[in-house]
Amino acid sequence: MARRILVIQLRQLGDILLTTPLFRAIKFNRPDVHLTFLSHEMGRLIIDGCPYVDEYFTYGNDWTLTMHLRLAKTLREREFDLVIDSMNNPRSAFYALATGARERIAFKSARSFVYTDTVTKSGESDYVVRERLRLVSAAGFSVPANDSLRLLLPWFEKHTAPVMKLMGSQPRFSADCLRVVLSPTHRREPRRWPLKSYAVLADLLTREWGAFVMWAWGPGEESVVDEAMSLCETPTFKAPATTFRELAALIANFDLFVGNSNGPSHVAVAVDTPSLQLHGPTSARAWSPLTDVHQALEGSPAEGGSKSDTNGAITSISVGMVYEKLQAMKPQLDLRAAARRKKGPRLNWSVP
């Protein structure tokens, strides 16, 4: 039975976050296993402090071939019994093969020859987490029924400074109202819902729900939020600058997240904040858990096009469609807001 296991998911932030349930599933079966994780250095924003990872290796954008070969040699010296490669691209396949592990598992692809066992992806689109857990099952581990899909993103009281700043500077944040965070950014333009639509939604939530509406942003995205706010007719608020963990703590203290299918949308799922993801060319079934409190809307394919080339398909999602979906979720949101007001601020990731 494997005693030393390597899990590989090199990037992006959202994908790394969506891989974290594999750690818990492995440790659920074998708490004594030495679990190592390999990713791009961006992964430290998520993995540092994770209680299920015993060792962690990263690489950087500026690495030379010599540096990659040195890391490959280090991984081989660890004598892994099992490698689970949830990314399965050329670089991850190189590292998996370099380990020399007697068992290497990945999804079936053109690189299947690198692995000792491969898993065929489901015929129908399925939530990425559920799909990746099939790799764990293929390795002979059972997947725990309770909380098996829950994402892991450790954050602590030291990350709540932006929350406390809002409480001290914005009276409406502490008022008896729903808190809504909007995330209008995405690095790919076809996956961005129009800023004008976000602004109309923000005005609607402010007027009809009396909501406190805040815009989330990350490095290089502040101008996008500034533009969205300039289109609003009602007062909305810009989130303070945050680190990734501070963003998690901030979203955890809101009652609803609405945004594109981006990194922050997965953070909302990780911190148990109800969410509505907006999708254009991407599959809602693949990227949202689709539960009572985590919902998604998909744009229609462009006329004459297919789902794979839906230029502007996300624009087919109307503000009315979004508001109708949110109205259906509102009873749950009201209950969450009431519980949040009773308990006070969430100060760490372990508080449900």
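A quick yes/no check of all residues on (1) outside any loop (DSSP other than H, G, I, E, B); (2) surrounded by fewer than 19 Cβ atoms within 10 Å (Cβ to Cβ); (3) not assigned by TED's automatic domain parsing to the domain that holds Tyr127:
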{"position": "Leu153", "(1), (2), (3)": "no, no, yes"}
{"position": "Arg172", "(1), (2), (3)": "yes, yes, yes"}
{"position": "Thr185", "(1), (2), (3)": "no, no, yes"}
{"position": "Pro190", "(1), (2), (3)": "yes, yes, yes"}
{"position": "Trp193", "(1), (2), (3)": "no, no, yes"}
{"position": "Thr206", "(1), (2), (3)": "yes, no, yes"}
{"position": "Met214", "(1), (2), (3)": "yes, no, yes"}
{"position": "Glu233", "(1), (2), (3)": "no, yes, yes"}
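Residues in the range 268-295 that are among the small types (Gly, Ala, Ser) and assigned to a loop (DSSP other than H, G, I, E, B): 3 in all. Of the residues making up the range 172-181, at least one is under 23 Å from Lys330 (Cα atoms), without any contact (Cβ under 8 Å) to a residue 24 or more places away in the chain and more than 21 Å from the chain's Cα centre (by Cα). Mind listing whichever residues of the range 298-330 are modelled with pLDDT of 95 or more and over 20 Å from Asp203 (Cα atoms)? Scanning the range 298-330 gives no hits.
Evaluate the range 125-144: report whether one residue or more is assigned to a strand (DSSP E or B) and not assigned by TED's automatic domain parsing to the domain that holds Val267. No, that holds for no residue. Of all residues in the range 17-28, those that are touching a residue at least 40 places away in the same chain (Cβ under 8 Å) have Cβ atoms under 8 Å from Cβ atoms of residues that are among the basic types (Lys, Arg), 6 or more apart or on another chain, in Leu18/Arg132; Thr19/Arg132; Pro21/Arg132; Pro21/Arg150; Leu22/Arg132; Arg24/Arg150.
Annotation: Thr58 fulfils all but one of (1) assigned to a strand (DSSP E or B); (2) surrounded by fewer than 16 Cβ atoms within 10 Å (Cβ to Cβ); the unmet one is (2). For Ala241, the stated conditions do not hold, so it cannot be described as crowded, with 24+ Cβ neighbours inside 10 Å and under 27 Å from Ala175 (Cβ atoms).
Just to verify a result, which residue in the range 319-346, among those that are basic (Lys, Arg) and more than 24 Å from the chain's Cα centre (by Cα), is surrounded by the most Cβ atoms within 10 Å (Cβ to Cβ)? Out of the qualifying residues, it is Arg341. In summary, Ala96 fulfils each of the numbered conditions (1) under 28 Å from Ser261 (Cβ atoms); (2) buried (at least 19 other Cβ atoms within 10 Å of the Cβ); (3) modelled with pLDDT under 95 with the single exception of condition (3).
Of the residues making up the range 26-51, those that are more than 18 Å from the chain's Cα centre (by Cα) and not acidic (Asp, Glu) are Ile26, Lys27, Phe28, Asn29, Arg30, Pro31, Val33, His34, Leu35, Thr36, Pro51.
Here Lys121 fulfils each of the conditions (1) crowded, with 18+ Cβ neighbours inside 10 Å; (2) part of a loop (DSSP other than H, G, I, E, B); (3) assigned by TED's automatic domain parsing to the domain that holds Pro21 apart from (1). When Val200 is tested against (1) loosely packed, with under 15 Cβ neighbours inside 10 Å; (2) closer than 22 Å to Thr315 by Cα, just one condition goes unmet, and that condition is (1).
The values are calculated or read from the model by the stated rules, or taken from the named source; none is laboratory data. Nothing here was measured: the structure is a model prediction, and the numbers come from that model. Here the Cβ is made from the backbone with ideal geometry for all residues, glycine too, and neighbour counts use every protein chain on show.
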